[in-house]
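Here is the structure we will look at.
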Amino acid sequence: MTSWIDGLPTNPLAEDPEPLPALAGFPFLHAGAGAVIVGPTGGGRSSLVQAGAYDAARAGLRVAYLGSEVTASEWNARARDLPERRGDAIDDELVGELERVRYLELSSVLVQAWDEPDAWARDVPPAYDVVVIDPLSAVASALDLDFDSSNAEFVQFYDRLVQPLVGAGVAVVMLDNGCLRARGPVNRVPISGPGWWSTLERGFPRRRFALEERSGALERERPAGLERHADVLALRRAPGTRRRQAEREMRRLMEAAVPVVVARLTVADAGHRLLDHLTTLGRKRSTLEGYESYLRIHLAPYFGDRALERITGDDVEAFVAHCRRHGQSVKSKLNYLGLLPRSLTTPCVAGGRRRTRASSSTGPGPRAATPTCTSSTRPSSMRSSLPCPTTTWAASSASCT
């Protein structure tokens, strides 16, 4: 063996061990330690830490319980029940000792701590010896983090709010809800009996054990005579939850959906809606009468029952030529052309239009007017499809002269 990888031999007599003293009430903790307790909801995790906080407070330690699922009233009710079960007298001395345990609302405290991590690291260590966070799912919800998809955001939370306390000698206990997990190489699955967990490791045969769901609880069955080499559990999925089944159901629902048909508007319909809209806005009577005359005598008879989305720039050019042949003055034609785009684009009309045919060199149908309008005064849903009155209509009116 070469010298640079020889290393040092292990010598059990080289050092005298110095065991770390456990914290009163929390025999699995010492000062500056962190722990995560995982179990199903209702499995007794919060009762466990409250019993630990009870003993810790009577030994002189200060405990902060950041709760969410357990309310302050429920916490105090348990504090009354615990000494009665133990046979302790509830006197002024006990009340004074239990004042060392403080209940804090998890969401509000941790949100402020997340915004002010320096104040959190400065103020908590002098005030408490143990901090309990219950549960981690409420932490993720309050801070808008995702602890389930990956470890990255949990590590971010730990580095920002937990590590500063642990480094200052505060013991931190975090409670987590146990649930069925489908992500990651190692999954935890609750089996019948509170707090009992089995580790599922991928790569093992999946026929060791089978799971059946009975009355909402998962129970374990072992074939007779099978040795227990690894607790590898196979989950039976509910019908319709596989990907192909879900996609097939989605296609069925899409095919069964009835499309909503929007009523097609004509120029006359749109013009009358425009007049009603302008009346509501308080336009002058003379203006409204002029618009009504343009619509009734010229626009509506020419365009007839043609739907709005069928009207193109070529149709407008043809209308201008029609006016020229009938001896209309330039001013009259400009007035007609000024009313037509307003009938197409006013907000009270846009809701009843399906769409305006976009220009295309290869697609079927009549050629659409170009360029399209991008004016900020038009509804956003119609900017990409409606002909622009400042270009198309102006170009049409130029031919009136």
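The values are calculated or read from the model by the stated rules, or taken from the named source; none is laboratory data. Since the structure is predicted, the reported quantities are computational estimates derived from the model, not experimental observations. Cβ placement follows ideal geometry from the backbone for every residue including glycine, while neighbour counts extend to all protein chains displayed.
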Scope the stretch 15-27; condition without any contact (Cβ under 8 Å) to a residue 12 or more places away in the chain and touching a helix residue (DSSP H, G or I) at 6+ places or on another chain (Cβ under 9 Å); matching residues: Pro27
Members of the stretch 70-90 that are more than 15 Å from Ala57 (Cα to Cα) and out of contact with any helix residue (DSSP H, G or I) (no Cβ under 8 Å at 6 or more places or on another chain): Thr71, Ala72, Ser73, Glu74, Ala77, Asp81, Glu84, Arg85, Arg86, Gly87
Counted residues, the stretch 124-147 - those being within 21 Å of Leu23 (Cβ to Cβ) and exposed (fewer than 13 other Cβ atoms within 10 Å of the Cβ): 2
Residue that is assigned by TED's automatic domain parsing to the domain that holds Val173 and within 16 Å of Met174 (Cα to Cα), where the choices are Leu82, Leu61, Leu94, Leu106: Leu106
Test: Arg296 is at pLDDT 85 or above and surrounded by 12 or more Cβ atoms within 10 Å (Cβ to Cβ): yes
Test for Arg264: is it in contact (Cβ under 8 Å) with a residue 40 or more places away in the chain, over 19 Å from Lys333 (Cα atoms) and surrounded by 11 or more Cβ atoms within 10 Å (Cβ to Cβ): yes
Test for Leu308: is it in contact with a Phe, Trp or Tyr (Cβ under 8 Å, 6 or more places away or on another chain) and either among the aliphatic types (A, V, I, L, M) or surrounded by fewer than 16 Cβ atoms within 10 Å (Cβ to Cβ) (or both): no
Selection count, the stretch 293-318, where residues are part of a helix (DSSP H, G or I), touching a residue at least 40 places away in the same chain (Cβ under 8 Å) and under 50 Å from the mean Cα position of the chain (by Cα): 7
Residue satisfying condition, being in contact with a Lys or Arg (Cβ under 6 Å, 6 or more places away or on another chain), assigned by TED's automatic domain parsing to the domain that holds Ser46 and of a type in the set (Ser, Thr, Tyr), within set Tyr128, Tyr158: Tyr128
From Val95, Val38, Val101, residue being free of Cβ contacts under 8 Å to residues at least 60 places away in the same chain and surrounded by 15 or more Cβ atoms within 10 Å (Cβ to Cβ): Val101
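Being of a type in the set (A, V, I, L, M, F, W, C) and surrounded by 13 or more Cβ atoms within 10 Å (Cβ to Cβ) is the filter here, so list the residues in the stretch 76-89 that pass it.
Ala79, Leu82
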Residues satisfying the stated conditions in the stretch 60-75, i.e. in contact (Cβ under 8 Å) with a residue 12 or more places away in the chain and loosely packed, with under 12 Cβ neighbours inside 10 Å: Gly60
Wholly within the stretch 20-139, helices (runs of 4 or more DSSP H) carrying at least 1 residues that are in contact with a Gly (Cβ under 7 Å, 6 or more places away or on another chain): 45-58, 72-86, 106-115, 117-127
Single match in Gly282, Gly304, Gly271 (criterion: out of contact with any strand residue (DSSP E or B) (no Cβ under 8 Å at 6 or more places or on another chain) and on the phi > 0 side of the Ramachandran plot): Gly282
